[in-house]
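Quick notes on the structure that follows.
The values are calculated or read from the model by the stated rules, or taken from the named source; none is laboratory data. Note that the structure is predicted; figures quoted are calculated from it, not measured. We place every Cβ from the backbone using ideal geometry, glycine too, and count neighbours over all the protein chains shown. We work out accessible area using only protein heavy atoms, side chains counted, and drop any ligands, DNA or RNA first. Shrake-Rupley method; radii C 1.70, N 1.55, O 1.52, S 1.80 Å.
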Amino acid sequence: MRRGRRFGLSLTSKMSMYGYVFALPFIVGFILFFLYPMVQSVIFSVSDLVIRRGGYDLEYVGLSNYRYALFVDDKYVRVLVETLGKMLGDVGAVLIFSLFAASLLNSRFKGRTLVRVIFLLPVIFGSGVIMRIEEADYRNQVLVMGTEVGTGVFSREALAGFLMQIGIPETMLEYIVNVVYGIPRIIRASAIQILIFLAGFQSIPKSLYESADVEGATRWESFWKITFPLLSPLILTNIVYSTVDFFGSPRNEMIEKIRATAFGGAGYGVSTAMAFMYFALVSFLITVIVVVVSRWVFYHE
Amino acid sequence: MPGAIANAKSWIRRTMNRRIGVSSVGELLFVVIRAVLLIGMCYIIVFPMVSKISSSFMSGEDIYDNTVRWIPRRPTLNNYRDAFYEMEYGWALLRSLALAVAVGALSLMSCTLVGYGLARYRFPGRELIFAGAILTLVIPPSLLMIPMYMNFRFFNLYGLLPEPGVNLLNSFWPFLMTSATATGLRNGLFIYIMRQYFSGMPRNLEEAAYIDGAGPIRTFFSVMLPCAPPALMIVFLFSFVWQWNDYFYTSIYMAGTNVLPMALSQLRQDFITQLGSPIVNAGSVMFILPILIIFAFLQRYFVESVDRTGLVG
């Protein structure tokens, strides 16, 4: 004790000091590149920001930026509603698809490594500039031609024609074609989620399935009684991850709108106000989802 | 006649057993459906890349020739030559490579330190710091985009430098600073991965090192780090790849610099036509190629370490 006192530190506080030493880079970064800009962001959203030589001036304008975004800008509200709707649809589809794909990938078959590598490709290329270009091309084609030319995975017309031939009523046609058309997007948005579920599958003890098998459970039953409950924490993780992923993805028109408003649109203040309202809505949605879903999440330990 | 059918049935069963190792018709159906689904999904994933590669070798006539679908009839390398010159590929490649390596290395260092500290030391505020790391991951980047842009445009070390500040845009500094302080692109995820990894390592390793007289720093560098290559590998690779692909931050901090993402999106703006442009596709292939080479050599690490680092706890 006396030895420790000489340095003014007991052993435990010395150890906790090292904790801070290791975490120091993040503490500095969090304050400088997260908290500080966050506060600035709040200030910008209630200000008029004008760039002058060697800096910028802020003038307090109250909530007028928010009012501008909501009532003057003719696109913001529409894009906001559309984006949120699309997000809910996408998150649901991604979740179901990734669970399904992971359970397929988890079984043993020849060429499993190759298939896994292919499924990993979107993690590596599914973000950033390539994805952005593809999305822009797609939107462009829809704008110019009203439909996609034969460069997509399936041709829209061929699919519609096929469905007509097998006698699908025309009212359902549009819906089915759209769903099928969304599949490539969903598959490529599911890469990380599939990996998470795969790791989850591997952490479930095999003995559980064996004893279920001995008791005469079918595969279907053991999926719902064993796999599903044990995976439920990961389902929650994946819901949150998919939602967050949607925030910054080039699939997201809101991000483009916010950026366009900042650089060359109605200005920095309005853009931050837009980002804040978007963020508030999405956080609210995530909170609701987390609260609702975590009621039936099952924890093994 | 019934005997013949029974015979045929048992023959089918035996063949299936021998050939594919399945024991019932239901099982066979499952295997077939699974194969069809997996092949279909792989096709969808690989399709855009294959179609880009095939189109990048097409000459102008091939693009407008409806009978040419996959294999170019008059293959040409002109698209690559044009894209190479238009993008100033050599310099853009070098810059992007330098940036991605630097960001990968710095993120690796900072996130490993932070992850280790959070995994192995108990100190007041530990939970809070971890929550902060997750928060940086969850906040949409567009919320911080404008303040960050302003701070780097008029960088004055938060009031320490005199008024005009330094313009750090179009330099590596914004990326270097954020990744050195574990707040760069998806660094929250890397902190999480490192924390999970170190939490799973046995404590006796460190205890043995302490007893042999190593301090915490020495223990970390000569005992813990040598045990962590899979996690280190995955963090570096992902950080490298995501920085390489990144358009969001690159277009904010480096809009006027010729790095590959900017060069490629400029190329698209200049050469896009309604039928898609083979030059843009050649540019895309040249953009992906370095990553594809790295991936081809290291895919084992990508796949394995996702299993092993306990990405999910």
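A compact table of results
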| quantity | calculated |
| --- | --- |
| Given (1) modelled with pLDDT of 90 or more; (2) farther than 17 Å from residue B:119 by Cβ; (3) crowded, with 19+ Cβ neighbours inside 10 Å, index of the condition residue B:238 fails | (1) |
| Positions within segment B:30-49 being more than 7 Å from chain A (Cβ to nearest Cβ) and either among the acidic types (Asp, Glu) or under 18 Å from residue B:279 (Cβ atoms) (or both), in sequence order | B:49 |
| Test for residue B:164: is it open to solvent by 30 Å² or more (accessible area, probe 1.4 Å) and away from chain A (no Cβ under 14 Å) | no |
| Members of segment A:268-296 that are touching a residue at least 24 places away in the same chain (Cβ under 8 Å), more than 10 Å from chain B (Cβ to nearest Cβ) and open to solvent by 20 Å² or more (accessible area, probe 1.4 Å) | A:277, A:281, A:285, A:289, A:290, A:294, A:296 |
| Sole exception among (1) of a type outside the set (D, E, K, R); (2) more than 9 Å from every other protein chain (Cβ to nearest Cβ); (3) open to solvent by less than 20 Å² (accessible area, probe 1.4 Å) for residue B:185, by number | (3) |
| Test: residue in segment A:236-243 that is assigned by TED's automatic domain parsing to the domain that holds residue A:104 and closer than 30 Å to residue A:72 by Cβ | yes |
| Among the candidates B:147, B:72, B:140, residue that is buried (at least 17 other Cβ atoms within 10 Å of the Cβ), not assigned by TED's automatic domain parsing to the domain that holds residue B:174 and not polar (S, T, N, Q) | B:72 |
| Segment B:85-108: number of residues that are touching a Ser or Thr at 6+ places or on another chain (Cβ under 9 Å) and either under 13 Å from residue A:23 (Cβ atoms) or open to solvent by 50 Å² or more (accessible area, probe 1.4 Å) (or both) | 1 |
| Selection status of residue A:3, over 30 Å from the mean Cα position of the chain (by Cα), at pLDDT below 90, part of a helix (DSSP H, G or I) and not aromatic (Phe, Trp, Tyr) | yes |
| Residues (away from every other protein chain (no Cβ under 12 Å) and open to solvent by 40 Å² or more (accessible area, probe 1.4 Å)) located in segment A:94-129 | A:96 |
| Number of the exception - residue A:109 against (1) outside any helix (DSSP H, G or I); (2) in contact with a helix residue (DSSP H, G or I) (Cβ under 6 Å, 6 or more places away or on another chain) | (2) |
| Sole residue being more than 20 Å from residue A:108 (Cβ to Cβ), open to solvent by 70 Å² or more (accessible area, probe 1.4 Å), in the same structural domain as residue A:160 (by TED's automatic domain parsing) and at pLDDT 85 or above, chosen from A:210, A:221, A:174 | A:221 |
| Inter-residue pairs, beta-carbon under 9 Å, first under 18 Å from residue B:156 (Cα atoms) and in segment B:168-186, second among the hydroxyl-bearing types (Ser, Thr, Tyr) and not in a helix (DSSP H, G or I), 6+ apart | B:169/B:257; B:170/B:257; B:171/B:257; B:177/B:183 |
| Segment A:6-17, residues that are facing another protein chain (nearest Cβ under 7 Å) and either surrounded by fewer than 17 Cβ atoms within 10 Å (Cβ to Cβ) or at pLDDT 90 or above (or both) | A:15 |
| Qualifying residue in segment A:193-206 (condition: at the interface with chain B (Cβ under 9 Å from one of its Cβ atoms) and of a type in the set (Lys, Arg)) | no |
| Verdict on residue B:170 being part of a loop (DSSP other than H, G, I, E, B) and closer than 28 Å to residue A:264 by Cβ | yes |
| Residue within segment B:65-76 that is touching a residue at least 60 places away in the same chain (Cβ under 8 Å) and touching a helix residue (DSSP H, G or I) at 6+ places or on another chain (Cβ under 6 Å) present | no |
| Looking only at segment B:266-287, and only at residues there that are within 8 Å of chain A (Cβ to nearest Cβ) and open to solvent by less than 20 Å² (accessible area, probe 1.4 Å), the one that is nearest to residue B:99 (Cα to Cα) | B:287 |
| Number of the condition not met by residue A:66 [criteria: (1) more than 30 Å from residue A:200 (Cα to Cα); (2) exposed (fewer than 12 other Cβ atoms within 10 Å of the Cβ)] | (2) |
| Cβ pairs under 9 Å, 6+ apart, first in segment A:100-115 and touching a residue at least 12 places away in the same chain (Cβ under 8 Å), second of a type in the set (Phe, Trp, Tyr) and surrounded by fewer than 17 Cβ atoms within 10 Å (Cβ to Cβ) | A:103/A:223 |
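Yes or no, residue by residue, for (1) under 20 Å from residue B:144 (Cβ atoms); (2) assigned by TED's automatic domain parsing to the domain that holds residue A:285; (3) assigned to a strand (DSSP E or B):
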site: A:23; (1), (2), (3): no, no, no
site: A:26; (1), (2), (3): yes, no, no
site: A:33; (1), (2), (3): yes, no, no
site: A:37; (1), (2), (3): yes, no, no
site: A:62; (1), (2), (3): no, no, no
site: A:66; (1), (2), (3): yes, no, no
site: A:79; (1), (2), (3): no, yes, no
site: A:93; (1), (2), (3): no, yes, no
